[in-house]
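Trainee: Below is one structure. I have some questions about it.
The values are calculated or read from the model by the stated rules, or taken from the named source; none is laboratory data. Because the structure is a prediction, the values reported are computed rather than measured. Cβ sites come from the backbone with ideal geometry, for glycine too, and all protein chains shown count toward neighbours. Calculation scope for accessible area: heavy atoms of the full protein, side chains included, ligands and nucleic acids excluded. Shrake-Rupley method; radii C 1.70, N 1.55, O 1.52, S 1.80 Å.
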Amino acid sequence: DQQVKQNSPSLSVQEGRISILNCDYTNSMFDYFLWYKKYPAEGPTFLISISSIKDKNEDGRFTVFLNKSAKHLSLHIVPSQPGDSAVYFCAASEVYSGAGSYQLTFGKGTKLSVIP
Amino acid sequence: EAGVAQSPRYKIIEKRQSVAFWCNPISGHATLYWYQQILGQGPKLLIQFQNNGVVDDSQLPKDRFSAERLKGVDSTLKIQPAKLEDSAVYLCASSLGASSYNEQFFGPGTRLTVL
């Protein structure tokens with residue numbers, strides 16, 4: 001069972017426009033959410049995160065929105081640039097009782113293509 | 001600051017053979033992770049170390065996979081014997097601590113092909 005879902009495998013956006021990447025989760029115990037960006041032949045790199053006590057976090061061109069009641073988060077990139085073309089992974093974590101393991105559960109990723 | 005180093009970058013083996021991957025985390029990072037990323041999927045945690053102790057290995061197929069982190073620094077992940085379904089990219093990551101709030105830094109990965 002997939003606890004973190006990214007239902008759009010790919011997205012194409014014109015340069016300068018807004019890119020919106022979506023993510024849904026099913027585990028209500030998740031309390032911290034992250035977005036990672038991955039270029040080919042490289043490991044994922046952290047982009048932005050949000051705690052479950054917030055509904056919005058902004059960092060430059062990147063904003064993440066969290067709707068806890070809908071178990072949905074989205075990443076907005078404004079304006080989109082060709083260098084943003086990459087695979088974006090949504091990830092979530094929960095606290096395991098006792099073990100102290102903050103395991104990240106990743107979605108399948110969305111490939112963003114920003115067209116010049 | 002040097003990033004997470006992994007070797008080899010690529011490995012092709014036949015099924016039933018053995019293979020080992022090596023990871024050198026960022027200096028000072030106490031927590032080390034091994035992930036498996038199958039094509040078209042997101043990374044899946046296999047094992048997490050805190051210093052040289054195992055914190056979480058609940059998703060590690062222990063009949064064929066093993067990992068160690070001697071001296072709390074470098075780590076090796078071994079598969080013996082390999083199966084076709086083990087074809088994937090194996091990612092190593094490290095972080096200062098085990099909290100969600102500690103950013104995980106990923107290495108470039110090792111792409112394993114099992115024929």
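Trainee: Looking at (1) within 30 Å of B:GLY53 (Cα to Cα); (2) exposed (fewer than 14 other Cβ atoms within 10 Å of the Cβ); (3) among the acidic types (Asp, Glu), can you tell me which one A:ASP59 breaks?
Mentor: Result: A:ASP59 passes all but (1).
Trainee: Follow-up question, since we're still on this one. Could you please find all residues in segment A:51-78 being part of a strand (DSSP E or B) and within 11 Å of chain B (Cβ to nearest Cβ)? I'd like the intermediate steps shown before the answer.
Mentor: As a first pass, look at segment A:51-78 and keep what is part of a strand (DSSP E or B): A:51, A:56-59, A:62-67, A:72-77.
A:SER51 - this is the single residue of segment A:51-78 that is part of a strand (DSSP E or B) and within 11 Å of chain B (Cβ to nearest Cβ).
Trainee: Kindly indicate the residue of segment A:31-43 that is of a type outside the set (Lys, Arg) and touching a residue at least 40 places away in the same chain (Cβ under 8 Å) and also most open to solvent (accessible area, probe 1.4 Å) among those meeting that condition. Quick ask: steps written out before the conclusion?
Mentor: If we filter segment A:31-43 for residues that are of a type outside the set (Lys, Arg), which is where we start, we get A:31-36, A:39-43.
Narrowing further to those that are touching a residue at least 40 places away in the same chain (Cβ under 8 Å): A:31-36, A:39.
Working: A:ASP31: 46, A:TYR32: 23, A:PHE33: 3, A:LEU34: 7, A:TRP35: 1, A:TYR36: 1, A:TYR39: 77 Å².
The qualifying residue most open to solvent (accessible area, probe 1.4 Å) is A:TYR39.
Trainee: Filter segment B:8-23 down to the residues that are open to solvent by 50 Å² or more (accessible area, probe 1.4 Å) and part of a strand (DSSP E or B) and list them by number.
Mentor: Step one: list which residues in segment B:8-23 are open to solvent by 50 Å² or more (accessible area, probe 1.4 Å), which gives B:9-12, B:14-18, B:20, B:22.
Hits for segment B:8-23 are B:TYR10, B:LYS11, B:ILE12, B:ALA20, B:TRP22.
Trainee: Collect the residues in segment A:9-30 that are surrounded by fewer than 16 Cβ atoms within 10 Å (Cβ to Cβ) and either among the charged types (D, E, K, R) or in a loop (DSSP other than H, G, I, E, B) (or both), keeping them in residue-number order.
Mentor: A:PRO9, A:GLU15, A:GLY16, A:ARG17, A:ILE18, A:THR26, A:ASN27, A:SER28, A:MET29
Trainee: List every residue pair whose Cβ atoms lie under 6 Å apart, where the two residues are 6 or more positions apart in sequence or sit on different chains, the first residue falls within segment A:44-61 and is under 21 Å from A:LYS111 (Cβ atoms), and the second residue, located anywhere, is open to solvent by 60 Å² or more (accessible area, probe 1.4 Å).
Mentor: A:PHE46/B:GLU103; A:ILE48/A:ASP59; A:ARG61/A:VAL78
Trainee: Ok, one more. Quick test for you: out of A:ALA92, A:ALA41, A:ALA99, A:ALA86, pick the one residue that is farther than 19 Å from B:TYR101 by Cα, out of contact with any His (no Cβ under 9 Å at 6 or more places or on another chain), within 14 Å of chain B (Cβ to nearest Cβ) and at pLDDT below 95.
Mentor: Numbers: A:ALA92 fails: farther than 19 Å from B:TYR101 by Cα; A:ALA99 fails: farther than 19 Å from B:TYR101 by Cα; A:ALA86 fails: at pLDDT below 95.
That would be A:ALA41, the only listed residue that is farther than 19 Å from B:TYR101 by Cα, out of contact with any His (no Cβ under 9 Å at 6 or more places or on another chain), within 14 Å of chain B (Cβ to nearest Cβ) and at pLDDT below 95.
Trainee: Hey, does segment A:78-96 have a residue that's acidic (Asp, Glu), open to solvent by 10 Å² or more (accessible area, probe 1.4 Å) and closer than 30 Å to B:ALA88 by Cβ? Break it down stepwise before answering.
Mentor: Filtering segment A:78-96 for residues acidic (Asp, Glu) gives A:84, A:94.
Going one step further and asking which of them are open to solvent by 10 Å² or more (accessible area, probe 1.4 Å), we end up with A:94.
When the remaining residues are screened for being closer than 30 Å to B:ALA88 by Cβ, the result is A:94.
Yes, there is a match, as at least one residue in segment A:78-96 is acidic (Asp, Glu), open to solvent by 10 Å² or more (accessible area, probe 1.4 Å) and closer than 30 Å to B:ALA88 by Cβ.
Trainee: I'd like the full set of residues that are more than 14 Å from chain A (Cβ to nearest Cβ), buried (at least 20 other Cβ atoms within 10 Å of the Cβ) and of a type in the set (A, V, I, L, M, F, W, C), limited to segment B:69-115. Full working, then the answer.
Mentor: Let us first name the residues in segment B:69-115 that are more than 14 Å from chain A (Cβ to nearest Cβ), namely B:69-87, B:112-115.
Remaining after also requiring buried (at least 20 other Cβ atoms within 10 Å of the Cβ): B:69, B:75, B:77, B:79, B:82, B:86, B:112, B:114.
Result: B:LEU77, B:ILE79, B:ALA82, B:LEU112, B:VAL114.
Trainee: If you check B:TYR35 against the conditions, is it assigned to a loop (DSSP other than H, G, I, E, B), within 23 Å of A:PHE46 (Cβ to Cβ) and of a type in the set (Phe, Trp, Tyr)? It would help to see each step written out before you state the result.
Mentor: Values: assigned to a loop (DSSP other than H, G, I, E, B): no; within 23 Å of A:PHE46 (Cβ to Cβ): yes; of a type in the set (Phe, Trp, Tyr): yes.
It is false that B:TYR35 is assigned to a loop (DSSP other than H, G, I, E, B), within 23 Å of A:PHE46 (Cβ to Cβ) and of a type in the set (Phe, Trp, Tyr).
Trainee: Conditions first: (1) touching an Asp or Glu at 6+ places or on another chain (Cβ under 8 Å); (2) within 17 Å of A:PHE89 (Cα to Cα); (3) in a loop (DSSP other than H, G, I, E, B). A:ALA41 passes all but one, so which condition is the exception?
Mentor: (1)
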